[in-house]
Amino acid sequence: MNVTPLTTVLPLAHAMGALVPRGPASPAVVEVAVALADELITTRLAVAAGIYLYVDELDRSHTLSQRIETDLGAYWHAVMHRREGDFSNSRYWLNRIVRMPDLRIADYDAYAFLQAVAEAEGDPPALVELQRAEWSALMDLSLSE
C-alpha cells in the first residue's frame, strides 16, 4: 500500500499548508483521500488516520486515531489535536506515548514543535515544512507496520 494516488493529486509541497487548518482540502482531493482511507480502515488504521490529516479532514482523522491503541496511534492523535489548535489535548496525547517513535528528523522534538506551533502567528514556512516532514515520517512508520 502506498499513498501515491493522494500525493499525485495533492503533492506534499502543497498539502497541510496551514498549521491549524480552517477547512478541508478541495472536494476532489478529499474524494481521493476518502477512497484510499476506506480501503484501509479495517487493516491499516494509522495510515487511514494520516491520510485524513493530509487533506485537513481533522474530524475523520480523530475518529480513527482514537481507536489506535499504540504509541503510533497516540502520536497521530496528538498531531490531530495540535492541528485543530487544541494544544493541551495534543500534549496529553504526547504524554501517553510510552516509547516515542523515531521520526529521523534532525533536531526534531515533538514537544518543542507543539510549543512553537502554539506560539506561532500565522503559518511560518519553517513550521509548515516541519509539519510536512513530521507527517511524512509518521506515514513511513505507519506503512511499515
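Here are a few things to note about the model shown:
- Cα gyration tensor category, rounded, prolate or oblate, for region 72-145 with a/c compared to 1.5: oblate
- Residues L64, L72 arranged by fewest to most Cβ contacts within 10 Å: L72, L64
- Ranking of E129, E84, E121, E145 by count of other Cβ atoms within 10 Å, fewest first: E121, E145, E129, E84
Every number here is computed from the coordinates shown, using simple stated rules; none is lab data. Keep in mind the model is a prediction, meaning the values are calculated, not measured. So basically every Cβ, Gly included, is an ideal-geometry build from the backbone, and we count neighbours across all protein chains shown.
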